[in-house]
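One structure is given here, and the rest of the page talks about it.
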Protein chains: 2
Amino acid sequence: MAKPTLRDVAERAGLSTATVDRVLHERGGISERARQKVREAIHELNFGKIPDSLAERPKPVMRFAFLLPHLHTSFADEMVQSALAAPAAVDDVDVKIEIIRIDLVDGTELIRELDGISTDIFDGVALFAVDVPGVRSAIDRAVSRNLKVVTLVADIPTSMRHHFVGIDNMAAGRVAGTLMGRFAANRSGHIGIIIGSHRQRDHIDRRLGFEQVLQSTFPNLHMLPIEEGASRHEKNRAITENFLQNKSNLVGIYSIAAGNSGILDALYDNAVNEELIVILHELSDPVRRALQDGTIDAVISQNTGHIARSAVRVLRAHCKGVQIVHALEQIGTDIYLADNLP
Amino acid sequence: MAKPTLRDVAERAGLSTATVDRVLHERGGISERARQKVREAIHELNFGKIPDSLAERPKPVMRFAFLLPHLHTSFADEMVQSALAAPAAVDDVDVKIEIIRIDLVDGTELIRELDGISTDIFDGVALFAVDVPGVRSAIDRAVSRNLKVVTLVADIPTSMRHHFVGIDNMAAGRVAGTLMGRFAANRSGHIGIIIGSHRQRDHIDRRLGFEQVLQSTFPNLHMLPIEEGASRHEKNRAITENFLQNKSNLVGIYSIAAGNSGILDALYDNAVNEELIVILHELSDPVRRALQDGTIDAVISQNTGHIARSAVRVLRAHCKGVQIVHALEQIGTDIYLADNLP
DNA sequence: CTGAAAGCGCTTACAG
DNA sequence: CTGAAAGCGCTTACAG
């Protein structure tokens, strides 16, 4: 049946529309029997219930693509989950997310995918940026084509992207440097540093911040030549083992990038000096366990859920041409020790 | 005029209601002139605009009282602001907040206010609890009277309160202990500890956690007898000056409670050994500046905005008899160094 | 406590 | 492109 009317209910209840109306609006002066009959009829006819198709007035749809690293690190996987859950962050728009996973090595794939994002389908893009000139131009082209673009975690500040959603990575590196230096407790020796890629601004900035603090404040700590692990399990594992085996006066290890599982494997498999200080980025389940069992000392992290929601809110705001609430979009640089794990 | 009707608009526009209806629903087949006339009439009569009084269908009202410390510390003041802003955390209920500021010393005032909260007016209460037997009973009485009760920041776990909104303070104390011990860099000496009140579970728990870590892991650090500053500026200042002046081998100061301004004043006014480690709780503007200028070393904090919003969400859930989303209500134990200030 | 009938605001089928 | 009139769903004033 089409949408049932008051008359339908009245007929079914064997009463007048006036009586039904009175029950409906609780105007009083109605016998319990009549009230009951009306309630039954309403229930049977499903009166007043807006049909599913019209229940929610259709919200405008916005489609955002998330270009995320193809690496199977906990951080990348978690970022995917967070991106898929992020549409809940806005309630006035029906946000559709498409995840495109990309090999970040040199940016070629990123450029191809970015250029391939049709403005017929998508309204905005969020991407982990590799800072190479080609990517910068691809971002600028995307913006010129009227796509809204936010960089995520790793920025290209000189591009035309509308917004960067992430932390101050220079400051994050300084935090790592301060913790390393102070935890070292005046011991002298070497610090092994593992970076993911010299082409990712987040890694570069963390490295700079870390170096800054060590050089200015902790001259007792000497940085070994920086090793590039490409955020890959095996490479990181090999680099870590090399640090552990060849350096008798190794005071600490700072890993700037993802791929923590390789580092943790190496730490677990080798007899590691109790005093070795290990500082990593990004909290995942294995990292959490390593903090708890004392294998590592501190973790600097950023909340992927917050990042993804922020990206969605910012893209929506740019698409609608409305203001961003900046206080909401500050991503925190979280420090975790064993005792303040969330 | 009462709510204008289609007919009013038609009359004013000099057209029929049918035409007005067509314009209104963009059914097409209308001259531009007619369209214009209708638009004008609609505008002049303010047709279709729901009058303010009916604009939002009235939401159920819930009234929550926040019993907050009367102390004029930054933390307490911030908590008040956060509580006043917290109703925005729920959108299906019109939450009204009343702030009642209370002298926490011995709980007498807290008990009196708690007993005075009428269930005719209020649906729930959020309170900083002082852990003395009288308060526990007052909470239990409030719960028996069918008020929903959450403890805030400082808990009484053995009371009948429905929920505790705050951090694991034992863990927070352990974090402080770990930072103190590691920052001390194997130096030996004394640690001055300032507590607010031995009757507040949050202070007690932090103290226990801190002692635990120092005793088990840093035997080089000896705790001075704990000083009670009642979270007051002058007392804290005097205690701090006493620490600074009488202890040549003072390695660090840990302040467990509020009233940081007194401590900071003492630190600024005395020539303090560069190496002195100071760890405080709760980030406020003066504390932030002290971190940045190196006067203090680390701050452990909890977000008052999150706490207040959580309290409102939890009280609403209990009043409505619906489930709490626990993931949303975990309050973080935030660690701040100079470089990761938000 | 209830219904028949008039009324109200909006929509629609029809005629021009 | 427009209006007169009928129609629809709901509400209301009145009578019993």
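Observations, loosely collected:
- Between the range B:198-276 and the range B:294-321, the alpha-carbon center distance in angstrom: 25
- Per residue of B:80-86, other chain Cβ atoms within 10 Å of the residue Cβ number 0 on average.
- Projecting the Cα atoms of B:V312, A:F183, A:S248 onto the charge dipole of the protein assembly as shown, computed from C-beta unit charges around the Cα centre, puts B:V312 farthest toward the positive end.
- Long-range amide H partners of A:R101 with built H, under 5 Å: A:L68
- Peptides A:131-138, A:193-200 ranked from most to least packed, by the mean per-residue count of other Cβ atoms within 10 Å: A:193-200, A:131-138.
- Helix A:74-85 vs. chain A, principal-axis angle (Cα, 0 to 90°, nearest 10): 20
- Of all DSSP bridge pairs formed entirely within chain B, close to 10 percent run antiparallel.
- Within the range A:169-301: Cβ-based charge dipole about Cα centre, in debye rounded to nearest 20 (Lys, Arg +1; Asp, Glu -1): 360
- Remark: mean inter-chain Cβ contacts per residue of A:329-340 equal 6, using a 10 Å Cβ-Cβ cutoff to other protein chain atoms.
- Principal-axis tilt of helix B:133-144 within chain B, Cα atoms, nearest 10 degrees: 20
- Note on the protein assembly as shown: antiparallel DSSP beta bridges, both residues inside, total approximately 10 percent of the bridges counted.
- Candidates A:R27, A:R63, A:R187, ranked by Gaussian network fluctuation over chain A, Cα under 10 Å, top entry: A:R27
- Principal axis extents of the Cα atoms in chain B, from largest to smallest and rounded to whole angstrom, are 94, 47, 33.
- ³J(HN,Hα) computed for each position of the range A:191-204 - Karplus, 6.51 cos²θ - 1.76 cosθ + 1.60, integer Hz, glycine/proline x: 10, x, 10, 10, 10, x, 8, 7, 9, 9, 3, 5, 5, 4
- Taken along its principal axes, the alpha carbon cloud of the range B:183-342 reaches lengths of 58, 32, 29 Å, longest axis first.
- For B:D293, the distances from its label point to the matching points in the remaining copies are 4.6 nm, ordered from shortest, with each point set 7 Å beyond Cα toward Cβ.
- Folded to 0 to 90 degrees: helix B:304-320 orientation relative to chain B principal axis, Cα: 60
- Once each of the GluC sites (Glu not before Pro) sitting in a DSSP loop with at most 16 other beta-carbon atoms within 10 Å is removed, chain B keeps B:57-273 as its longest stretch.
- Residues B:K235, A:K148, B:K96 in ascending order of nearby Cβ atoms (within 10 Å, fewest first): B:K96, B:K235, A:K148.
- Peptide A:122-129 has a mean of 0 when you count, residue by residue, the C-beta atoms of other protein chains within 10 Å of its C-beta.
- With Rh defined as the Kirkwood radius, the inverse of the mean 1/r over Cα pairs, the Rg/Rh of the range B:99-200 is 1.13.
- For chain B, built as a Gaussian network whose Cα springs stay under 10 Å, the top-fluctuating residue of B:P60, B:P87, B:P69: B:P60
- Sorted from nearest, the other copies put their B:E11 label points 3.6 nm away, the label point being 7 Å from Cα in the direction of Cβ.
- Copy-to-copy label separations for B:R35, where each label sits 7 Å from Cα toward Cβ, in nm and ascending: 5.2
- Cβ-Cβ FRET estimate between B:L328 and A:Q245, R0 fixed at 35 Å, reported to 0.05: 0.15
- Added length on full extension, which subtracts the Cα-Cα distance from 0.36 nm per residue, A:R27 to A:D106: 21.2 nm
We did not get these values from a lab; they are worked out from the coordinates using the rules stated. Note that the structure is predicted; figures quoted are calculated from it, not measured. Neighbour counts run over all protein chains shown; Cβ positions are idealised from the backbone, glycine included.
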